[in-house]
Amino acid sequence: LRYVNEVFAGSPPIDTRRTDAELAQLRRARRAVEDPLSDAFSQLWWETATTNERLFRDVFRCVPDDTIETFDQYKKFIPGHSVPHGHAVPGRSTAETLQTLRAVRGHLVPMPLNFLRYENLGAKLGDKELL
């Protein structure tokens with residue numbers, strides 16, 4: 001394995017532009033990931049997932065989302081037909097959107113288990129799914 005600050009012949013260290021605080025955070029993250037059953041790993045995993053979820057919700061209005069528990073909330077949450085699916089919500093500049101997305105780390109988000117939890121999503125009498 002090659003580590004972040006390993007020196008190679010003829011090339012400078014990889015992290016010459018990182019601050020001491022950033023390097024310390026990387027070392028803490030590396031230690032947390034070494035044992036996936038540790039409390040430190042669980043905390044790092046959950047904080048990363050919830051932070052990413054909040055940022056994606058703010059920029060893209062991703063669905064399903066745990067904050068949407070009824071169809072009325074769903075209608076208020078979706079930006080409307082004027083915004084194509086998967087596009088950023090209007091009302092902010094491209095620079096603001098990119099600045100927000102720089103805080104995203106990876107693709108980790110929590111599983112939205114409470115999406116439309118107060119709605120009856122089962123098939124109704126007469127639906128072709130019951131045939």
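The values are calculated or read from the model by the stated rules, or taken from the named source; none is laboratory data. Please read all numbers here as calculations on a predicted model, not as lab measurements. Note that we place each Cβ from the backbone using ideal geometry, even for glycine, and neighbour counts take in every protein chain shown. Side chains are part of the model used for accessible areas, which takes the heavy atoms of the whole protein and leaves out ligands, DNA and RNA. Shrake-Rupley method; radii C 1.70, N 1.55, O 1.52, S 1.80 Å.
Here are some notes:
- The conditions of being within 22 Å of T50 (Cα to Cα), small (G, A, S) and in contact with a Phe, Trp or Tyr (Cβ under 9 Å, 6 or more places away or on another chain) are met by A88.
- Test: residue in region 54-75 that is in a helix (DSSP H, G or I) and touching a residue at least 60 places away in the same chain (Cβ under 8 Å): no
- Top-ranked residue of region 25-39 - restricted to ones that are of a type in the set (G, A, S) and within 17 Å of R105 (Cα to Cα), ranked as surrounded by the fewest Cβ atoms within 10 Å (Cβ to Cβ): A29
- The selection criterion, being modelled with pLDDT of 80 or more, under 19 Å from the mean Cα position of the chain (by Cα) and basic (K, R), does not hold for R27.
The rows are residues; the columns are (1) surrounded by 14 or more Cβ atoms within 10 Å (Cβ to Cβ); (2) of a type in the set (G, A, S); (3) modelled with pLDDT of 90 or more.
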| position | (1), (2), (3) |
| --- | --- |
| E47 | no, no, yes |
| R57 | yes, no, yes |
| D72 | no, no, yes |
| G86 | no, yes, no |
| Q99 | no, no, yes |
| M111 | no, no, yes |
| N114 | no, no, yes |
| E119 | yes, no, yes |
| D127 | no, no, no |
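Conditions tested, residue by residue: (1) of a type in the set (A, V, I, L, M); (2) under 23 Å from Q25 (Cβ atoms).
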residue	(1), (2)
W46	no, yes
H85	no, no
T94	no, no
L113	yes, no
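- Any pair with Cβ under 8 angstrom, 6 or more apart, that starts in region 110-131 at a residue that is closer than 20 Å to R57 by Cβ and ends at one that is among the hydrophobic types (A, V, I, L, M, F, W, C) and open to solvent by less than 100 Å² (accessible area, probe 1.4 Å): P110/A49; F115/V63; F115/I68; L116/I68; L116/F71; E119/F71
- Flag for P90 being touching a Lys or Arg at 6+ places or on another chain (Cβ under 7 Å) and either under 30 Å from Y118 (Cα atoms) or open to solvent by 70 Å² or more (accessible area, probe 1.4 Å) (or both): no
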